[in-house]
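The values are calculated or read from the model by the stated rules, or taken from the named source; none is laboratory data. Source: prediction; values computed, not measured. Reconstructed Cβ throughout: ideal geometry from the backbone, glycine too, with neighbour counts over all protein chains shown. To get the accessible areas, we keep the full protein, side chains included, count just its heavy atoms, and leave off ligands, DNA and RNA. Shrake-Rupley method; radii C 1.70, N 1.55, O 1.52, S 1.80 Å.
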Amino acid sequence: PLVLGGVSIIASIIGTFAVKSRTGNVERALYQGMIVAGILAALLFIPVTLWMMDDLTQQRGGPAPGVWDIYLCALIGLGVTAALFVITDYYTSTRFAPVKKTAAASETGHATNIIQGLAQGLQATALPALVIVLAIFAANELAGIYGVAVAVMAQLSLTGLIVALDAFGPITDNAGGIAEMADMPEDVRNVTDPLDAVGNTTKAVTKGYAIGSAALAALVLFDSYTTGLAEENLNVTFNLSDAWVIAGLFLGGLMPFLFASLAMQAVGQVGGQVVEEVRRQFREIPGILEGTGRPDYSRAVDIVTRSAIKRMLAPALIPVLFPIIVGIISVKMLGGLLIGTIVTGLFLAIAMTSGGGAWDNAKKLIEDGAYG
């Protein structure tokens, strides 16, 4: 699995050179790089698999899978990446119906916009979940738990290029913000706005990829946990009629919601502090609005950095402390917690990232003149 990741670094580097556009279609140019890297990775996986997996004799619980079974598991991982990209692109790009419907809902007010955006975010969870379920079944049928692990590593192997796609979003977003705040000519905004819209989609797409890989890895992580218990001579079975396991499922399901809540509260509170600081400076520093007085930027930046770190301590403790405390109480409860947090985390995360991307690009669509 690690060698698959290693050869994919080469594929990702070569893929970056395919990111070119003669027509001005930025989204297509970025995805060209992904496609080239994915095809190269699939080709490089063949000699690696033939070289390293040709002497398998047995696996736990039955005969060993064939070399080509292992290779097909790697292709499944790449296929999951492609499917998640296409699905998230559909739900967050200005070209497709979900974003257009969210923008159109704004014609009748804030409430209908919020309802439509939430509905699109919740709906966007269905297809990724089905893709992940099919991938787990297929890889498990081909090569058992190890096959699922190979699929996960193949999916994660293109991370380098995908992180680059993710970084594209904030760069173009802030470039547009600078152009807007500096009152630059409209032709500058005509360049930065389309880039910003593409950036919103790539941010959502890459987050969908990260979320999907975590969900696909859940089975492997849980198997690792049970294997670790067996090595410690703790013969634990996780039965859904066991109260400890059910309790763990509920506690695990709670974690992503509690984390998201505290993180959102932190953003709201720090944002409120910045608003108060800006209002204070308007009152106390004459000439800011006329452009004759200079604001104290450092004070606003200081609030954001210090408060952001301070207020994220509580959310950050949730994934650290919960498993430790639950594990001390009961290993069965911890097993349930591991599964519960992956299941609810998958759906909450996809709903938030796809819904957020759709809202962001609905705004862009309206700014470009759609729906008045």
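Annotations for the structure displayed:
- Calculated on the Cα set of the chain, radius of gyration then Dmax: 23.9, 80 Å.
- For the peptides 181-187, 348-354, the ranking by packing is 348-354, 181-187, with the highest mean count of neighbouring Cβ atoms within 10 Å listed first.
- Farthest positive-ward along region 238-311 dipole, Cα basis, beta-carbon charges - from Pro286, Ser261, Ile246: Pro286
- Region 1-71: equivalent-ellipsoid semi-axes (sqrt of 5 x gyration tensor eigenvalues, Cα, Å): 35, 11, 8
- Cross-link partners of Lys203 among aspartates and glutamates (Cα-Cα below 16 Å; sequence separation of 8 or more within a chain): Glu27, Asp89, Asp166, Asp173, Asp193, Asp360
- Electrostatic dipole magnitude of the chain [Cβ: Lys, Arg +1; Asp, Glu -1; Cα centre; debye, to 20]: 320
- Highest-first packing order for the peptide set 124-133, 76-85, 31-40 is 76-85, 31-40, 124-133, based on the mean count of other beta carbon atoms within 10 Å.
- Per-bin percent of Cα-Cα distances, region 150-239 [5 Å]: 3, 13, 15, 13, 11, 10, 8, 7, 6, 5, 4, 3, 2, 1, 0
- Mean Cα-pair separation over length for the chain, i.e. relative contact order, pairs under 8 Å, 6 or more apart, %: 24
- Over region 241-333, volume per residue of the alpha carbon convex hull, in Å³: 81
- Violating pairs (Cα-Cα greater than 26 angstrom) within the set Lys20/Lys207; Lys101/Lys207; Lys20/Lys101; Lys310/Lys363: Lys20/Lys101; Lys310/Lys363
- Residue-averaged [θ]222 nm for the chain, counting only DSSP H segments that reach four residues, each worth -39500 (n - 2.57): -29000 deg cm²/dmol
- The chain: angle of helix 186-231 to the longest principal axis, Cα-based, in degrees nearest 10: 30
- Residue ranges 42-53, 234-245 sort as 42-53, 234-245 when ordered by packing (mean number of other C-beta atoms within 10 Å per residue, highest first).
- Rolling a 1.4 Å probe across the protein heavy atoms gives region 238-372 an accessible surface of 59 Å² per residue.
- Helix 331-367 axis, angle to the chain major axis (alpha carbon atoms, nearest 10°): 30
- Per atom type, region 4-69 shows carbon and sulfur on 66% of its accessible surface, probed at 1.4 Å.
- Crossing angle, helix 26-52 versus the chain [Cα axis fit, 0-90 degrees, rounded to tens]: 20
- Phi to ³J(HN,Hα) by Karplus 6.51 cos²θ - 1.76 cosθ + 1.60 over region 299-307, Hz, x for Gly, Pro: 5, 5, 5, 4, 4, 4, 5, 5, 5
- Less than 5 angstrom separates the built amide H of Gly293 from those of Ile288, all sequence-distant by 5 or more or on a different chain.
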